[in-house]
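The block underneath contains the structure these notes are about, expressed in structure tokens.
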Amino acid sequence: MRIKDKVALITGSASGVRPQLMGFGGVTAWLFSEEGAKVVIADINAKDGETTARQIRDSGGEALFNKLDVTNESDWIKSIKSTITSFGKIDILVNNAGTTARENVENTTIEMWDSQMEIHAKGTFLGTKSVIPELRRSGGGSIVNVSSIAGIIGSHSSTAYHAGKGAIRAFTKSAAVQYASEGIRVNSVHPGYVDTPMTHNVFSDHNQAKQRTSTIPMGRFGTAKEIAYAILYLASDESSYVTGTELIVDGGTTAH
Ligand SMILES: NC(=O)c1ccc[n+]([C@@H]2O[C@H](COP(=O)([O-])OP(=O)(O)OC[C@H]3O[C@@H](n4cnc5c(N)ncnc54)[C@H](O)[C@@H]3O)[C@@H](O)[C@H]2O)c1
């Protein structure tokens with residue numbers, strides 16, 4: 001019960017349907033519920049989002065689904081209002097929604113660039129901006145932004161993804177400094193390679209998986225649960241003196 005009676009809104013958490021392959025948001029929603037929190041599953045995918053929330057409720061947890069496009073400010077206003085109406089407050093926001101665009105600089109179109117900056121940079125900004133008044137009302141809170149090792153290092157592709165994830169990293173520190181005195185902590189998590197619905201088509205390919213794992217000192221992909229535990233630590237009061245940090249969870253990939 002590490003976050004007992006806290007209320008958490010998690011974006012991109014529709015991928016929590018049992019027994020399917022889950023993403024970070026889905027696994028985090030289950031873990032948060034097991035640790036005593038009330039969870040809001042916020043996603044553009046209504047079908048899986050509703051199912052995830054229902055399955056958590058059927059297992060004895062408290063969960064509801066909100067249809068939320070993180071790039072849309074009025075969706076944020078509605079979602080926060082619905083969270084307050086149902087659960088009375090909000091303590092934790094996890095900005096996790098994301099997509100990919102795997103192209104080098106010359107093959108990155110303006111549309112790809114804009115959509116990556118929209119979902120990662122603008123989505124995280126809007127979520128943070130929208131939730132701060134409610135965290136203030138709760139007497140403080142924790143915002144956890146899911147960036148990536150791609151927000152720290154480069155690669156041969158995914159140009160706009162790197163830029164969007166890098167924006168999350170710097171934005172996190174900016175917000176952390178601005179709201180530290182109000183007890184609102186803002187941190188980023190930087191996962192390495194994990195098999196999720198977003199990466200499955202690439203990481204389930206034997207040759208691609210072999211090539212990737214050869215760059216990981218631990219010699220294997222991470223699991224969504226290993227990422228969720230890092231998010232849980234930053235969301236909980238166990239990290240009460242931690243703000244503006246970047247928690248890398250990558251099996252040592254960026255250590256060399
Ligand atoms: N899987 C990895 O190896 C890896 C590594 C580092 C970082 N990440 C990041 O982790 C986060 C979660 O990804 P995942 O791998 O669990 O994949 P995922 O596909 O399971 O999760 C992404 C979720 O975001 C939702 N989403 C997409 N656009 C949205 C929007 N505009 N508004 C609201 N929701 C939206 C999707 O419906 C989906 O449920 C992403 O930000 C991703 O970039 C993933």
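The values are calculated or read from the model by the stated rules, or taken from the named source; none is laboratory data. The model shown is predicted, which means the values in this text are computed figures rather than measured ones. Neighbour counts are summed over all protein chains in view; Cβ atoms, including those assigned to glycine, are modelled from backbone coordinates with ideal geometry. SASA here: full protein model, heavy atoms, side chains in, ligands and nucleic acids out. Shrake-Rupley method; radii C 1.70, N 1.55, O 1.52, S 1.80 Å.
Residues considered: S188, S157. Of these, the only one that is out of contact with any Gly (no Cβ under 6 Å at 6 or more places or on another chain), under 30 Å from T109 (Cβ atoms), open to solvent by less than 50 Å² (accessible area, probe 1.4 Å) and in a loop (DSSP other than H, G, I, E, B) is S157. Listed by first and then second residue, the pairs linking a residue in segment 219-241 that is on the phi < 0 side of the Ramachandran plot to a residue that is crowded, with 16+ Cβ neighbours inside 10 Å and among the basic types (K, R), with Cβ atoms under 6 Å apart and 6 or more places separating them unless they lie on different chains, are S236/R2.
Checked against the criterion of being in contact with a strand residue (DSSP E or B) (Cβ under 6 Å, 6 or more places away or on another chain) and in a helix (DSSP H, G or I), segment 139-147 has no qualifying residue. Of the helices (runs of 4 or more DSSP H) lying entirely inside segment 17-116, the ones with 2 or more residues being out of contact with any helix residue (DSSP H, G or I) (no Cβ under 6 Å at 6 or more places or on another chain), within 13 Å of G127 (Cα to Cα) and open to solvent by 20 Å² or more (accessible area, probe 1.4 Å) are found at 73-87. Residue pairs whose Cβ atoms lie under 8 Å apart, separated by 6 or more positions or on different chains, with the first residue in segment 191-209 and farther than 15 Å from Q20 by Cα and the second assigned to a loop (DSSP other than H, G, I, E, B) and within 6 Å of the ligand (Cβ to nearest atom), are P191/S148; Y193/T199; F203/Y193.
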